[in-house]
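Student: Sharing a structure with you now.
The values are calculated or read from the model by the stated rules, or taken from the named source; none is laboratory data. This structure is a prediction, so every number in the text was calculated from the model and none was measured. For neighbour counting, all protein chains shown are included, and Cβ atoms are generated from backbone atoms with ideal geometry for every residue, glycine included. Accessible surface areas use protein heavy atoms only, side chains included; no ligands, DNA or RNA. Shrake-Rupley method; radii C 1.70, N 1.55, O 1.52, S 1.80 Å.
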Number of protein chains: 2
Amino acid sequence: MHYHSTLDRTFFALSDPTRRGILERLAGGPATVGQLAEPFGLTLNGVKKHVGVLERADLVATEKVGRVRECRLGPASMAEATAWMESHRRVWESRLDRFERYVERSSD
Amino acid sequence: MHYHSTLDRTFFALSDPTRRGILERLAGGPATVGQLAEPFGLTLNGVKKHVGVLERADLVATEKVGRVRECRLGPASMAEATAWMESHRRVWESRLDRFERYVERSSD
């Protein structure tokens, strides 16, 4: 179940456009909660909520630096979630190939 | 915003272990709602709810066949969601590489 929980948290964290935007922003370098709020039109509490979801999925790590909280990309590499999707995609595509060959043979 | 909504629905649909299990089961071939219920220990309504989420993400398609509803893999190939994750992963890994080179240089 732990295996599933990691995938659950990763996919859930990625299911929101603001959270994906925060990850894209942090890919350019660390930012404080305040620096993230403005471009996304969020309150500080709104940012903290989204950052919390990303943090629980290890996609973001935060650290108190002086009086501000700095956010950066976390240790999760999305490798597990990407691997799950890739394996599903391969199955899906091979089924599609078989279906296309079936259609081609049927129309001969 | 439509672009985002598709990603939202795909990632949200994948954030549940039962829904991922249903996709894995359907990769082996179509199944009725009743056939999906038993292995997952779900009620028919429970299956219908999960299948509805998968259907809105185009990951599953359903069809009324006689008196039962048949479920099969839908038209969404997850290509868009996989592409998003891959591009993020590349950025993440290149940042990690730069960090490692920095650590190596610093320890010379």
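Student: So, in region A:68-108, exactly how many residues are at pLDDT 70 or above and among the polar types (S, T, N, Q)?
Tutor: Residues that pass the stated criteria total 4.
Student: Still on this structure, I have one more. Can you pull out the residues in region A:33-55 that are surrounded by fewer than 17 Cβ atoms within 10 Å (Cβ to Cβ) and either of a type in the set (Ser, Thr, Tyr) or more than 21 Å from residue B:91 (Cβ to Cβ) (or both)?
Tutor: The answer is A:34, A:38, A:41, A:43, A:44, A:45, A:46, A:49, A:52.
Student: If I filter region A:47-82 down to residues being touching a residue at least 12 places away in the same chain (Cβ under 8 Å) and small (Gly, Ala, Ser), which single residue comes out as farthest from the other protein chains (Cβ to nearest Cβ)?
Tutor: Selected residue: A:61.
Student: Quick check on my filter: what residues within region B:56-74 are open to solvent by 90 Å² or more (accessible area, probe 1.4 Å) and outside any helix (DSSP H, G or I)?
Tutor: Listed by number, the residues that qualify are B:63, B:64, B:67, B:69, B:72.
Student: Is there a residue being farther than 21 Å from residue B:82 by Cβ, within 12 Å of another protein chain (Cβ to nearest Cβ) and either modelled with pLDDT of 75 or more or in contact with a helix residue (DSSP H, G or I) (Cβ under 7 Å, 6 or more places away or on another chain) (or both) anywhere in region A:34-44?
Tutor: Within region A:34-44, none of the residues are farther than 21 Å from residue B:82 by Cβ, within 12 Å of another protein chain (Cβ to nearest Cβ) and either modelled with pLDDT of 75 or more or in contact with a helix residue (DSSP H, G or I) (Cβ under 7 Å, 6 or more places away or on another chain) (or both).
Student: Given the conditions (1) within 12 Å of the chain's Cα centre (by Cα); (2) among the β-branched types (Val, Ile, Thr); (3) more than 10 Å from every other protein chain (Cβ to nearest Cβ), which single one is not true for residue B:10?
Tutor: If we test residue B:10 against (1) within 12 Å of the chain's Cα centre (by Cα); (2) among the β-branched types (Val, Ile, Thr); (3) more than 10 Å from every other protein chain (Cβ to nearest Cβ), just (3) comes out false.
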